[in-house]
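Asks: Next up is a structure, given as structure tokens.
Bear in mind these aren't lab numbers, they're just calculated from the coordinates by the rules spelled out. Keep in mind that this is a model prediction, so the values were computed, not measured. Every residue, glycine among them, receives a Cβ derived from its backbone with ideal geometry; neighbour counts consider all protein chains shown.
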């Protein structure tokens, strides 16, 4: 599949996408190629819009969720735009094709009390000190989990309270670090990292007990364990702390553009979903707090007054 591999190389080298994102694109393109082979072996560069429509119907027939079908179409759109730009094809077979309509889900967030309980749950062991430093950093900065585990020691400036992040597409941004996060990282560096490091010159900030860099899966696992221990009933992922970071900033008066910059969103529209979260919370607070919002409405019959 030379065309697919050329495209994947472009995504990795020129757009700087993460390895797990490249792997997802590879799976989607392989599924598309397998579909074409099953239909008679059409080449990926010789298909028409009808082939893509048939593929989308096949995904629906196989019972794939609308989110998966939308992602598969997005992968094909990116692939064929690339082939068109490269001059490999003369027409894009995915143009004007719309994916399934997706419900807009508001992100799950923790309130301030839940955040406090979660961040204070790790014990004062070497592992607990590292775990708290990672969770404090994630909530303080709103990083993606892939950005968190990729942090190097030279990207963190504790004296001035900033972290330098290499985000999607190799785009660099600088995000402030709060005092609690700075203190947690300092404790980790002072008491833990030196005990666990195995290789001289190791750059990764957050290490496992074996001395290697922490992984996304490893952090997700420990986060779920702490959430369960803290009695948090909400479904929790590393992205929940990112959502909570943005929502709490907005609730406390932060500018939406500043939040966009800290999150590393290319489009302000992506950041605007947090305005819906805060409006929903305002409605909940209002309904629970305003004296007449809580009153039960009693319908009264209209009496006709004599002239």
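Asks: Grab the DSSP H runs of the chain that are 4 residues or longer, score each as -39,500 (n - 2.57), total them, divide by all residues and round the 222 nm result to the nearest 500 deg cm²/dmol. List each step's numbers first, then the result.
Replies: Numbers: 13 runs with 163 residues, N = 307.
Dividing the helical sum by the residues of the chain leaves -16500 deg cm²/dmol.
Asks: Related question: Mind checking the full-extension length gain between residue 48 and residue 90? Use 0.36 nm per residue of separation minus the Cα-Cα distance, one decimal, nm. Could you put the intermediate results ahead of the total?
Replies: Details: separation 42, 0.36 × 42 = 15.12 nm, distance 1.11 nm.
Gain on extension, residue 48 to residue 90, equals 14.0 nm.
Asks: Let me know the shape class of segment 166-234, please: from the alpha-carbon gyration tensor, a ≥ b ≥ c as square roots of the eigenvalues, rounded when a/c is under 1.5, otherwise prolate if a/b is greater than b/c, or oblate. List each step's numbers first, then the result.
Replies: Working: a/c = 1.44, a/b = 1.17, b/c = 1.23.
Taking the square roots of the gyration eigenvalues as a ≥ b ≥ c, segment 166-234 is rounded.
Asks: Does segment 197-279 classify as rounded, prolate or oblate by the C-alpha gyration tensor (a ≥ b ≥ c root eigenvalues; a/c under 1.5 gives rounded; else a/b over b/c gives prolate, otherwise oblate)?
Replies: Values: a/c = 3.24, a/b = 1.59, b/c = 2.03.
Taking the square roots of the gyration eigenvalues as a ≥ b ≥ c, segment 197-279 is oblate.
Asks: Continuing with this model, one more query. Spin-label point model (7 Å from Cα, Cβ direction): what's the residue 268 to residue 215 distance in nm?
Replies: It is 4.1 nm.
Asks: Ok, one more. Measure off 7 Å from each Cα along the Cα-to-Cβ vector at residue 154 and residue 174, then give the distance between these two points in nanometres to one decimal.
Replies: So the two model labels end up 1.7 nm from each other.
Asks: Of the listed peptides 201-209, 154-162, what is their order by residue-averaged count of other C-beta atoms within 10 Å, with the highest listed first?
Replies: Listed from highest to lowest mean packing, they are 201-209, 154-162.
Asks: Hey, what's the Cα Rg ratio for segment 112-288 versus the globular rule of thumb, 2.2 N^0.38 Å? Could the numbers behind the result be given before it?
Replies: Working: Rg = 16.4 Å, N = 177, 2.2 N^0.38 = 15.7 Å.
Normalised Cα radius of gyration, segment 112-288: 1.05.
Asks: Please give the peptides 260-267, 177-184 ranked by average Cβ packing (other Cβ atoms within 10 Å per residue), highest first, as a rough proxy for protection.
Replies: Numbers: 260-267: 16.6, 177-184: 18.2.
So the order, starting with the most tightly packed, is 177-184, 260-267.
Asks: Please list 236-246, 25-35 highest first by mean number of surrounding beta-carbon atoms within 10 Å per residue.
Replies: On the way: 236-246: 21.2, 25-35: 16.9.
Put in order of decreasing packing, that is 236-246, 25-35.
Asks: Using only alpha carbon pairs under 8 Å that are at least six residues apart, calculate the relative contact order of the chain and give it in whole percent.
Replies: Details: 301 pairs, mean separation 49.8, N = 307.
The value is 16 percent.
Asks: So if each residue of separation counts as 0.36 nm, and I subtract the Cα-Cα distance between residue 22 and residue 108, what length gain in nm does that give? Intermediate values should be presented prior to the final figure.
Replies: On the way: separation 86, 0.36 × 86 = 30.96 nm, distance 2.65 nm.
Between residue 22 and residue 108, full extension yields 28.3 nm more.
Asks: Just grab the label-to-label distance for residue 251 and residue 228, each label 7 Å out from Cα along the Cβ direction, in nm (one decimal).
Replies: The modelled label-to-label distance comes out at 2.7 nm.
Asks: With a ≥ b ≥ c taken as the square roots of the eigenvalues of the C-alpha gyration tensor of segment 2-86, please select rounded if a/c is under 1.5 and otherwise prolate if a/b is larger than b/c or oblate if it is not?
Replies: Cα axes put segment 2-86 in the oblate bin.
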